[in-house]
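For reference, the structure is listed below as structure tokens.
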Amino acid sequence: MSVTSQELAPGLRRPPVWKRLSGFDWIWAALLALGAVYAHQRYATLMDVYEVGILYGTAVALAALGWYWKPVRVLGLAVAAVSLFAAWRYGAELGRGETDFFLKFLVSGQSATMWMSALFVGATFTYFLALVLRSDYTGRVASALTWTAAAMGLVGLLVRWRESYLISTDVGHIPVSNLYEVFILFAIITALLYLFYEGRYRTRALGGFVLLVISASVAFLLWYHFTRDASEIQPLIPALQSYWMKIHVPANFVGYGAFAMAAMVGSAALLQHYHYQPSRVLAVTVPAAIFALFGGWTLARGYNAAGAVDGALLLRAAGVGAAWTAGLALIGWLGLTRRAQSAFPEAELLDDFMYKAIALGFAFFTIATVLGAMWAAEAWGGYWSWDPKETWALIVWLNYAAWLHMRLTKGWRGVPMAWWAVGGLFVTLFAFLGVNMFLSGLHSYGEL
């Protein structure tokens, strides 16, 4: 049995880390080391010295993460097993993805991503159902769905990585180079961050709120896939052909995921604070109903006079109608039922959750910004050029720096900080997506 801080008598020191590790912990680390050595030997010709350092550094980081957060070991082994199975089914022929049953329907890069999407949406509704019913069993099912969705998302990215090299070694690259790929990454990272804090705080009451933002990203991902053929693997442009992408982008999205999670926890805190006030509930549900009706009307207009279907319009309308109808049902459940409200964590826990999420996100976003500046210096000859993406990244950084400053030095807590966290999500969303949609600059390769 492992020794915890609660089991230690006052004044006694915790034993060293290596004495608290189980046999499974050492097996986990050994497998990562062997995997890194194998990958280095097999793909040495495709890596420079920096990428070799990233490979071994990632192995060490994953080993430490598995020692600190035990469920990661099972997740990692499951993802590795399924990804290797997919690579084995492919062999050296990319075309087998269209003929092999397992690849076509289960474990190709695209199939795994579709499973991830369905599982995340299912987990969202299951979390809310567990909250309303006060059912621990349903909550465990929701957690299992979220773990499975994250695993399938990781499988999708890893297999997509392999697929890019099956096209050509010149095309092959880590799948974090465009909006389609990073939306998958965002969903996975946000889900894993939430699952960590779910275990830490021992509550599943916030799962539906955090999974809402993940489901929103899934909706965009599906729209982007079906209307823009975004899932097609494209060669990297010269500016992205760098080892910097392997560390800058993941660090950035840990920040984005943590900020999004903090905003959704903030929305739960606000709902708790303003609970059971019919006037406030109606102020939101009436517009929600109008938008739901608008979505249905737009959906009906998706059919032209000849009876053909405008697929893009239908998908967009279906998304609008479904999102607002789900929002209407959600607000009705949580705003008008004391049963669901009584399952909420205490306000202090919600406040602490927001703080830790933003602190973690701020740390990673700072690292990502520094790495981005170094990458810019190598690619474009300068650390900072006031490109729109860089400018909005600075705005995001200043926003959360101010949030942390006000909490740590002025002691701000509760409702004001919750509103600030929710508002911060919109600032972050514009930096993440709005810049690509409405502005142009050196980062225009990520535009819609």
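If you take the residues of segment 197-218 that are surrounded by fewer than 19 Cβ atoms within 10 Å (Cβ to Cβ) and out of contact with any Pro (no Cβ under 8 Å at 6 or more places or on another chain), which of them is modelled with the lowest pLDDT?
216
Okay, residues lined up against (1) free of Cβ contacts under 8 Å to residues at least 12 places away in the same chain; (2) surrounded by fewer than 20 Cβ atoms within 10 Å (Cβ to Cβ):
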position	(1), (2)
92	no, yes
113	no, no
116	no, no
133	yes, yes
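Considering 441, 434, 382, which residue is modelled with pLDDT under 90, under 19 Å from the mean Cα position of the chain (by Cα) and surrounded by fewer than 18 Cβ atoms within 10 Å (Cβ to Cβ)?
Among 441, 434, 382, only 434 is modelled with pLDDT under 90, under 19 Å from the mean Cα position of the chain (by Cα) and surrounded by fewer than 18 Cβ atoms within 10 Å (Cβ to Cβ).
Quick one: count up the residues across segment 69-111 that are farther than 16 Å from residue 155 by Cα and not polar (S, T, N, Q).
12
Within the set of pairs 6 or more residues apart or between chains, which connect a residue that is at negative phi inside segment 414-433 to a residue that is hydroxyl-bearing (Ser, Thr, Tyr) and part of a helix (DSSP H, G or I) with Cβ atoms less than 6 Å apart?
422/267; 432/256
Where residues in segment 124-151 are modelled with pLDDT of 95 or more and of a type in the set (A, V, I, L, M, F, W, C), which of them is nearest to residue 195 (Cα to Cα)?
The extreme case among them is 147.
Starting from residues that are in contact (Cβ under 8 Å) with a residue 40 or more places away in the chain and closer than 16 Å to residue 162 by Cα, keep the ones in segment 33-86 and report whichever is surrounded by the fewest Cβ atoms within 10 Å (Cβ to Cβ).
It comes out as 46.
The values are calculated or read from the model by the stated rules, or taken from the named source; none is laboratory data. What you see is a predicted model; the values in this text were computed from it and never measured. Please note: Cβ atoms are built from the backbone with ideal geometry, for glycine as well, and neighbour counts cover all protein chains shown.
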